[in-house]
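None of the figures in this text is laboratory data; all of them are computed from the coordinates on show. Small disclaimer: the values here were computed from a predicted structure and weren't measured. Counting neighbours? That spans all protein chains shown, and the Cβs are built from the backbone with ideal geometry, glycine included.
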Amino acid sequence: MTHFLVCAINDVGYQGGPFWKVPTGRKDGVVSNLVEARDSIPAPFHNLTTLQRLFANQGLDLKDLVLLSGAHTIGVSHCSSLSNRLFNFTGKGDQDPSLDSEYAANLKRFKCKNINDNTTKIEMDPGSRKTFDLGYYRHVIKRRGLFESDAALLTNSVTKSQVTQLLQGSLENFYAEFANSMEKMGRIKVKTGTEGEIRKHCALVNS
Ligand code: HEM
């Protein structure tokens with residue numbers, strides 16, 4: 001019999017959000033490789049082509065990219081993750097023109113005051129960083145997404161229209177679609193046979 005855990009992306013103190021079933025007994029690897037992780041995991045400076053490729057390598061499509069990026073409705077970023085967009089986009093002390101200039105000016109005035117700031121944290125969905133809602137997409141469409149990877153969603157007609165459609169749809173629709181993509185992500189490269197192990201603690205290799 002398959003047992004399921006019911007999962008949510010939120011932690012204690014966070015409000016609302018989607019839920020989905022996660023089958024127990026998933027086999028994970030026992031070795032982590034820094035280089036492999038660095039080559040596979042998207043970075044905030046990646047453009048749409050690179051994001052699409054990295055997602056496709058894991059069996060995820062553009063729709064998953066848009067939906068899973070919606071997790072940035074929760075939490076914070078360090079200034080260092082976007083400082084090049086604010087202070088040195090092309091190496092000439094310039095700003096990323098795809099970032100709303102008024103928003104960028106406010107960030108530079110009140111939050112990320114210089115390029116070396118690697119401690120200040122900023123909300124990715126200002127005003128509702130603890131609520132799982134459509135706020136992230138509202139910011140992205142106003143060109144206020146913090147990362148180039150957020151802004152990238154507007155550079156492709158398919159992803160841009162998905163953002164618009166999510167904003168026109170209900171919160172329940174977003175939750176259901178997000179949960180689908182999370183379930184899909186949970187099926188990436190599950191170990192089988194003699195490979196891997198079922199972890200006693202989900203974040204740790206068994207001792
Ligand atoms: C599309 C590719 C993605 C990129 C390039 C990306 C990049 C980032 C970066 C740079 C940060 C801020 C790190 C920092 O400065 O502290 C961040 C935070 C976060 N990301 Fe993503 N991310 C991506 C996809 C995802 C996905 C798929 C999820 C989950 C489904 C996710 C969930 C989060 C959450 C919850 C935070 C906030 C963490 C906190 O508050 O401490 N991201 N992401």
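Expressed as a rounded percentage, what relative contact order does the chain have, with Cα pairs under 8 Å and six or more residues apart?
Taking the mean separation of contacting Cα pairs over the length of the chain, I get 31 percent.
Could you work out the equivalent-ellipsoid semi-axes for segment 77-120, taking the square root of 5 times each eigenvalue of the Cα gyration tensor, largest first, in whole Å?
Taking √(5λ) for each Cα gyration eigenvalue gives 15, 12, 8 Å.
For segment 93-105, just list the computed ³J(HN,Hα) in residue order, Karplus coefficients 6.51, -1.76 and 1.60, θ = phi - 60°, integers in Hz, with x standing in for Gly and Pro.
Values per residue, Gly and Pro as x: x, 9, 10, 5, x, 7, 9, 3, 5, 5, 5, 4, 4 Hz.
So what's the gap between the Cα centers of segment 181-207 and segment 99-120, to the nearest angstrom?
39
How large is ³J(HN,Hα), in whole Hz, for each residue of segment 66-73 in order, when computed from phi with the Karplus curve 6.51 cos²θ - 1.76 cosθ + 1.60 and θ = phi - 60°, using x for Gly and Pro?
With the stated coefficients, segment 66-73 comes to 5, 5, 5, 4, x, 4, 6, 6 Hz.
Count the net charge of all other residues whose Cβ sits under 13 Å from the Cβ of Ser181, scoring Lys and Arg as +1 and Asp and Glu as -1.
Every neighbour counted, the sum reads -1.
Taking θ = phi - 60°, what integer Hz values does the Karplus form 6.51 cos²θ - 1.76 cosθ + 1.60 yield along segment 29-39, in sequence order, with x for Gly and Pro?
Rounded to whole hertz, the list is x, 10, 10, 10, 10, 4, 5, 4, 5, 4, 7.
Output the Cα-based Rg and Dmax of the chain in Å, rounding Rg to one decimal and Dmax to a whole number.
Cα-based Rg and Dmax for the chain come out at 18.4, 60 Å.
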